[in-house]
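Colleague: Submitted below is the structure of interest, expressed as structure tokens.
The values are calculated or read from the model by the stated rules, or taken from the named source; none is laboratory data. Predicted, not measured: the structure shown is a model, and the values here were computed from it. Cβ placement follows ideal geometry from the backbone for every residue including glycine, while neighbour counts extend to all protein chains displayed. Quick note on the areas: whole protein, heavy atoms, side chains included, nothing else; ligands and nucleic acids left out. Shrake-Rupley method; radii C 1.70, N 1.55, O 1.52, S 1.80 Å.
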Amino acid sequence: MPAVGHARQAITIVTARLSADPTNAIYSRNLAIYEERLGDAFARSGADKNAPTAERIHAWLDARGAYEKAGGIFSVLRDRGTLPPADADQPQKFVAHTADCQRAIEQLTAASNSP
């Protein structure tokens, strides 16, 4: 999955910059965006009905984790008062993405456990 590799590379770069300047809102926002892209890439894999169920579940778990990180970063920015007004809906958006992932995981798990 090239998208996963690219997102992870971007996350590594931005994380390194954040370690030097941990309160930089621009770096934090960029990190959240790359986490979202990573989550989106995993979600696409999880939605692939041709993939084995176990791989799909794993992809949805990874998507959920990335979306939780992105939402957490946007929440921190909001709490610090540094969230741009255009991003005001971002924390709630990631709550919804996380719930969507959880539903997909539960549906796939139930389907794989049914006789």
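Colleague: Tell me, which residue of region 64-85 that is of a type in the set (D, E, K, R) and free of Cβ contacts under 8 Å to residues at least 40 places away in the same chain is least open to solvent (accessible area, probe 1.4 Å)?
Modeller: Among residues in region 64-85 that are of a type in the set (D, E, K, R) and free of Cβ contacts under 8 Å to residues at least 40 places away in the same chain, the one least open to solvent (accessible area, probe 1.4 Å) is Glu68.
Colleague: Taking Ala20 as meeting all but one of (1) under 15 Å from the mean Cα position of the chain (by Cα); (2) at pLDDT 95 or above; (3) among the small types (Gly, Ala, Ser), write down the number of the exception.
Modeller: It is condition (1) that Ala20 fails.
Colleague: Contact list please: Cβ distance under 9 Å, first residue in region 86-113 and open to solvent by less than 20 Å² (accessible area, probe 1.4 Å), second residue small (Gly, Ala, Ser) and not in a helix (DSSP H, G or I), pairs at least six apart or on different chains.
Modeller: Cβ pairs passing all conditions: Ala104/Ala47.
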